[in-house]
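Trainee: After the structure tokens below, expect a handful of questions from me.
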Amino acid sequence: MSKTTVLDKVFEHFLKGNGIFQDREVLRHDYIPDMLPHRREQIRYLGEICAPVLKGSRCSNVLVYGKTGTGKTAVIKYVLSRLGHKACELGAPVKVCYINCRLMSTEYRIFSSLCATLDVKVPFTGLAVGEVFDRFKTGLDSRKILFIIVLDEIDALIKTRGDVLLYELTRINETLHYSKTAIVGISNDLRFKEFLDPRVLSSLSEEEIVFRPYDAAELRDILLDRARPAFHDGVLFDGALSLCAALAAAEHGDARRALDLLRVAGELAEREGSEAVVEDHIRRAEKRIEHDRIAEALENLPLHSKLVLCSVYLLGKAKISCAVTGDIYEIYCELCGQSGLTPLTQRRVSSLVNELDVIGLLNARVVSMGRYGRTKKIRLSIARSIIRASFITDDRLERLVKYAPKYLAEISSRR
């Protein structure tokens, strides 16, 4: 049977299906609904902070914290979208630029994106970062506007590139004559401020908003609100909706995870030709998403976090199942040398280990050594095969996961 025939059958089966979905896009992360349940207070507060721009005054910088899936990005896009519409009605010179710092991972790309928003021409590459920044400042000041810069996942940028860019942006108003800027920073890491220079911190965090995780009842309301336009009437069982909310609430109250579970469960039901989405579809969707979630987490790690994880992986190859921070740092420094990178300090690497522990990629536990004090034993929380499969496709890491320095055996022999 040819591939064309197989695909024809797949397409025909889909087209003749009973239709689980009305509009599956409603369940995507980037969909911004007309109402955001259980975020009224945050919407009001952010609106009050930004409102002065409607009268030509610069608003305060804002730092927004919260775990993944707590509605930070959705609320900010919702508020700034409506702020933009209101500014157009009033003729207020307001412009907004949204940047995901995990995708725009260098100063050059971020300044290029800011320039593009202002229609300032900058080549894809080839200029010094200072030159691009100067073009941005000149272009911005010539437009006589209030410019709101949203830096999403700002913690990812700071951990890999430092806070130089933030310092320049927080001080830019001192050199502007006709335009003004305000910064909205979004961070998934509640300890984000620990990585900032005090001078940057004092300028950036003029206002702060913390988004707490959703509980099961709130997640159920969110899912119900999205399910009405997403599914045809009667296809989503109430038990399936409640289970989906309960599973996501147990996973730090992550609304994105809840929406993913519901969408994938609906797609499973659709492919099977089921007439409804039931609890079994939710449980099978959870197993499928769990695997994909680990792969995505590995792919999106900052480079130095990948090198730390790679160090634990290599120690495992040397039969050291539970390593200590000193061993990991030794291997990490060697990998940095192999990659042409300057190693972070051992204290910073220890912080990265803690972060990898928090997101479930490492398991770090403190054990008592009697009169010798306490030490931290670190091991992988996921299968080594998953790390290898993920890192082997990364040009920077492919050689490293295959690399087994001689001193690994020496460390193993000392144990």
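Trainee: Counting just the residues of region 105-152 that are acidic (Asp, Glu) and buried (at least 18 other Cβ atoms within 10 Å of the Cβ), which one comes out farthest from His304 (Cα to Cα)?
Mentor: Asp152
Trainee: Tell me, please, whether a residue that is in contact with a Cys (Cβ under 9 Å, 6 or more places away or on another chain) and over 21 Å from Ile209 (Cβ atoms) can be found in region 104-112.
Mentor: Initial filter on region 104-112 (in contact with a Cys (Cβ under 9 Å, 6 or more places away or on another chain)): 110.
After this cut, where a residue has to be over 21 Å from Ile209 (Cβ atoms) as well, the list is 110.
Scanning region 104-112 turns up at least one residue that is in contact with a Cys (Cβ under 9 Å, 6 or more places away or on another chain) and over 21 Å from Ile209 (Cβ atoms).
Trainee: Okay, next question. Out of Asp134, Asp119, Asp141, which single residue is outside any helix (DSSP H, G or I) and among the acidic types (Asp, Glu)?
Mentor: Residue meeting the stated conditions: Asp119.
Trainee: Do any residues in region 83-106 that are within 18 Å of Val129 (Cα to Cα) have Cβ atoms under 6 Å from those of residues that are part of a helix (DSSP H, G or I) and of a type outside the set (Gly, Ala, Ser), where the two are at least six apart or on different chains, and which pairs are they?
Mentor: Ile99/Ile110; Cys101/Ile154; Cys101/Leu157; Met104/Ile110
Trainee: Right, another one. I need a count of the residues in region 177-204 that are surrounded by fewer than 16 Cβ atoms within 10 Å (Cβ to Cβ) and in a loop (DSSP other than H, G, I, E, B). Steps first, answer last, please.
Mentor: Of region 177-204, the ones surrounded by fewer than 16 Cβ atoms within 10 Å (Cβ to Cβ) are 177-178, 190-191, 194, 197-199, 202.
Applying the additional criterion that residues be in a loop (DSSP other than H, G, I, E, B) yields 177-178, 190-191, 197.
Within region 177-204, residues that are surrounded by fewer than 16 Cβ atoms within 10 Å (Cβ to Cβ) and in a loop (DSSP other than H, G, I, E, B) number 5.
Trainee: Still on this structure, I have one more. For region 302-343, which positions are in contact (Cβ under 8 Å) with a residue 40 or more places away in the chain, within 22 Å of Met104 (Cα to Cα) and not in a helix (DSSP H, G or I)?
Mentor: Pro302
Trainee: How many residues does region 138-197 contain that are among the acidic types (Asp, Glu) and farther than 15 Å from Glu355 by Cβ?
Mentor: Final tally of qualifying residues: 6.
To keep it simple, each residue is scored yes or no on (1) modelled with pLDDT of 90 or more; (2) of a type in the set (Ser, Thr, Tyr).
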{"site": "Ile20", "(1), (2)": "no, no"}
{"site": "Ile43", "(1), (2)": "yes, no"}
{"site": "Gly47", "(1), (2)": "yes, no"}
{"site": "Asn61", "(1), (2)": "yes, no"}
{"site": "His85", "(1), (2)": "yes, no"}
{"site": "Thr106", "(1), (2)": "no, yes"}
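Trainee: Which of the residues that make up region 144-172 are hydrophobic (A, V, I, L, M, F, W, C) and not in a helix (DSSP H, G or I)?
Mentor: Step one: list which residues in region 144-172 are hydrophobic (A, V, I, L, M, F, W, C), which gives 145-151, 154, 156-158, 164-166, 169, 172.
Hits for region 144-172 are Ile145, Leu146, Phe147, Ile148, Ile149, Val150, Leu151.
Trainee: Applying the selection to region 25-71, what residues are of a type in the set (Lys, Arg) and surrounded by fewer than 12 Cβ atoms within 10 Å (Cβ to Cβ)?
Mentor: Quick first cut of region 25-71, residues of a type in the set (Lys, Arg) only: 28, 39-40, 44, 55, 58, 67.
Answer for region 25-71, where residues must be of a type in the set (Lys, Arg) and surrounded by fewer than 12 Cβ atoms within 10 Å (Cβ to Cβ): Arg40, Arg44, Lys55.
Trainee: Of a type in the set (A, V, I, L, M, F, W, C) and free of Cβ contacts under 8 Å to residues at least 40 places away in the same chain: is that true of Ile43 in this structure?
Mentor: So Ile43 fits the description; yes.
Trainee: For region 227-264, what are the residues that are more than 16 Å from Thr70 (Cβ to Cβ), among the basic types (Lys, Arg) and touching a residue at least 24 places away in the same chain (Cβ under 8 Å)?
Mentor: Scanning region 227-264 gives a single hit, Arg263.
Trainee: Can you tell me which residue is surrounded by the fewest Cβ atoms within 10 Å (Cβ to Cβ) among those in region 205-230 that are closer than 30 Å to Ile20 by Cα and among the aliphatic types (A, V, I, L, M)?
Mentor: By that ranking, first place goes to Ala217.
Trainee: I want to confirm something. Restricting to region 236-252 and keeping residues that are of a type in the set (A, V, I, L, M, F, W, C) and modelled with pLDDT of 90 or more, which single residue is farthest from Ser274 (Cα to Cα)?
Mentor: If we take residues in region 236-252 being of a type in the set (A, V, I, L, M, F, W, C) and modelled with pLDDT of 90 or more, then Ala246 is farthest from Ser274 (Cα to Cα).
Trainee: Go through region 139-198 and report how many residues are in contact with a Pro (Cβ under 9 Å, 6 or more places away or on another chain) and among the polar types (S, T, N, Q).
Mentor: Summing the residues that are in contact with a Pro (Cβ under 9 Å, 6 or more places away or on another chain) and among the polar types (S, T, N, Q) in region 139-198 gives 2.
The values are calculated or read from the model by the stated rules, or taken from the named source; none is laboratory data. All figures in this text were calculated on a predicted structure; none of them were measured in a lab. Neighbour counts are summed over all protein chains in view; Cβ atoms, including those assigned to glycine, are modelled from backbone coordinates with ideal geometry.
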